[in-house]
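These notes are about the structure you will find just below.
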Amino acid sequence: MTKTVTDVICPFCGTLCDDLEVVVSDDGKQLLEVYNACVIGTEKFLHSQSKDRVTRPRMHQPDGTWKEISYDEAAEYTAQMLAKAKKPLMFGWSSTNCEAQSVGNEIAEITRACCDNTAATCHGTSLIAIQDIGLPSCTLGEIKNRADRVIFWGCNPAHAHPRHMSRYSIFPRGFFTGKGQMSRKLIVVDPRVTDTAKMADVHLQVEQGKDYELFDALRVAFKGEWLPDFVAGIPKEKIREVADMMKSGRFGIIFFGMGVTQSLGKNHNIDAAIAVTKDLNEYTKFSIMPMRGHYNVTGSGEVFGWQFGFPYAVDLTRGFARYNPGDTSTIDLLVRGEVDAMFTIGSDPGAHFPISAVKQFAHIPSVCIDPHLTPTSGVSKLHVPVAFNGVECGGNCYRMDNVPIDCRKVVEPPEGMLTDEQFLIKVRDRVKQLKGAA
Amino acid sequence: MATINVNLISGRSIQQGVAIEGGKEKPAYRTAAGIIELDPSDFKKLGAWKNTNVRVTSDHGSVVVKAIETTQGPHPGLAFIPMGPWANSIIDPNTYSTGMPTFKGVPVKVDVAINEPILLGIELVQKLCGVK
């Protein structure tokens, strides 16, 4: 016999779909089927069942082989490494729950570590812009029920947030948007004709890296002032058409992604995007929202925020929290060679950092806490596999619109495996002993 | 066969998303992310068949990937490598004091490298870092 668990939360992207159905075996040990999830979410659930999964911590040996060790030995190595280091870096946090993040922050405080989350390579620049000029935002529910102008700027939800459009932004029939897609105008701004752009009413194929110019041109067009014939490769007539389309809506939303945060201009691109939103509120109601990637990167920002006062790039080496992107941010710390111990959890900097930063942490004491085999685990001294968050243990996480949602445990982890939180508690208790803080 | 100069961006693709959840040690990850998507007009300039191995070089490094025709084009002059170790071997690590490397908008040159192998994800990072 099997049983079906309903209303399961998907722990892949920031959309945090909460309508999954998962079929598990009667004893709750095997996960058999996943319904309603996108192809990526389904793969995440099913991969937890793979036969070749690593289930015990492993030390990298000098000859390149791996030696299996116990969780206690792994916790001892991790605690010793963090306690001895002058400037340890604790990076990741975005694919784990808020409870584990909070325990990690305790460890960071005792060991005077630098802490950062994956905003370092996704929406870090958005956070800087938000601190500069604020963020008029809303929840995804409001968008579903009200938005009749939807702009995807530098993001491609058809690939990165596959169910975002069907659950919230384009297709659903909401209270004031009863005709679903028919009641919305979709504008996509992207240098490629992405699969999202192919669905758009208007696609502005902006020249790569010229987003700032186009945002500013829109602000000019709202006021009906003079424009040159082309801005960022877009003819002025098209810009005016889009400006009118935005102004004529009843409720609009700008979603923005890596196209603006990672291109040159960086936080200034987001400044301009938020200024466009502010201008539009003189004509109608408009909101703006970053398309957050990891399912709990928002939660990590929240936990850092309420415990340290800053959402990412926190430096505790002086015994109090400092924040100065460019100085205390992970990539810069690594590239400058300032870090002498690397602790990674719930992310894969080995695959997603520039190689010059990866080279820096490949040769210092390092721990990678991740259920998967990754490039990070491949270059770390210690790999600690843990239970899959959101599949094999529950916990709190935050959706991209800052709505907290509790994840569900749907299946038991393999015998004897710890969760992130359980392993971190072991490390914390040992670090307290080593530092005499107990 | 010629060398072409293009502007490189990296980013998510759904195939890459499935592959990272399916296991980064598997060849499927290389199939999904060890590629460069080129516009048909750039393929003509390069003088290469589709699905040829190419070497992509920037000021920050060099990597061998498979050149495929873009499915999200046309975008002449622009090339796309899905986010992952292949793209990150060549992107610009400069953060301009924002903490964010320049993952999009890196000038690169592309050469045909028909006999050079494309490494697996973990293998590539280990090799570049000098770790077995």
Task: Subset of region A:103-123 [part of a loop (DSSP other than H, G, I, E, B) and not charged (D, E, K, R)] - done: A:A113, A:C122, A:H123
Open item on the list: I'd like the residue in region B:1-15 that is in a strand (DSSP E or B) and at the interface with chain A (Cβ under 10 Å from one of its Cβ atoms) and, out of all such residues, is nearest to A:D195 (Cα to Cα).
Closed with: B:G11
- [ ] Given the conditions (1) in the same structural domain as A:G104 (by TED's automatic domain parsing); (2) assigned to a strand (DSSP E or B); (3) at positive phi; (4) of a type outside the set (S, T, N, Q), report the number of the one that A:D7 does not fulfil.
- [x] (1)
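Tell me the residue from A:L46, A:L82 that is in a helix (DSSP H, G or I), aliphatic (A, V, I, L, M), surrounded by 15 or more Cβ atoms within 10 Å (Cβ to Cβ) and free of Cβ contacts under 8 Å to residues at least 24 places away in the same chain, please. Explain how you work it out, then say what you get.
Numbers: A:L82 fails: free of Cβ contacts under 8 Å to residues at least 24 places away in the same chain.
Going through A:L46, A:L82 in turn, just one is in a helix (DSSP H, G or I), aliphatic (A, V, I, L, M), surrounded by 15 or more Cβ atoms within 10 Å (Cβ to Cβ) and free of Cβ contacts under 8 Å to residues at least 24 places away in the same chain: A:L46.
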- [ ] State whether one or more residues within region A:188-199 are out of contact with any His (no Cβ under 6 Å at 6 or more places or on another chain), more than 15 Å from B:H75 (Cβ to Cβ) and surrounded by 22 or more Cβ atoms within 10 Å (Cβ to Cβ).
- [x] no
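Just checking, how many residues over region A:302-323 are in a loop (DSSP other than H, G, I, E, B) and closer than 17 Å to A:T96 by Cα?
Counting residues in region A:302-323 that are in a loop (DSSP other than H, G, I, E, B) and closer than 17 Å to A:T96 by Cα gives 2.
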TODO: Enumerate the pairs (first residue in region A:222-235 and in the same structural domain as A:M246 (by TED's automatic domain parsing); second residue anywhere and surrounded by 14 or more Cβ atoms within 10 Å (Cβ to Cβ) and among the acidic types (D, E)) with beta-carbon separation below 6 Å, excluding pairs fewer than 6 apart on the same chain, so at least 6 apart or on different chains.
DONE: A:F222/A:D279; A:V231/A:E213; A:A232/A:E207; A:A232/A:E213; A:G233/A:E207
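Can you confirm whether A:G178 is among the small types (G, A, S), in the same structural domain as A:F286 (by TED's automatic domain parsing) and more than 26 Å from the chain's Cα centre (by Cα)?
Judged against the criteria, A:G178 is a match.
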- [ ] Consider A:T111 carefully, then state whether it is among the polar types (S, T, N, Q), buried (at least 20 other Cβ atoms within 10 Å of the Cβ) and either free of Cβ contacts under 8 Å to residues at least 60 places away in the same chain or not assigned by TED's automatic domain parsing to the domain that holds A:K87 (or both).
- [x] no
Open item on the list: If B:T31 meets every condition in (1) crowded, with 16+ Cβ neighbours inside 10 Å; (2) under 22 Å from B:F103 (Cα atoms) apart from one, which number is that one?
Closed with: (1)
- [ ] State all residues of region A:17-73 that are basic (K, R) and over 22 Å from the mean Cα position of the chain (by Cα); if no residue qualifies, say none.
- [x] A:K29, A:K51, A:R53, A:R56, A:R58, A:K67
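The values are calculated or read from the model by the stated rules, or taken from the named source; none is laboratory data. Quantities reported herein were computed from a predicted structural model and do not represent experimental measurements. Positions of Cβ are backbone-derived with ideal geometry, glycine not excepted, and every protein chain shown enters the neighbour counts.
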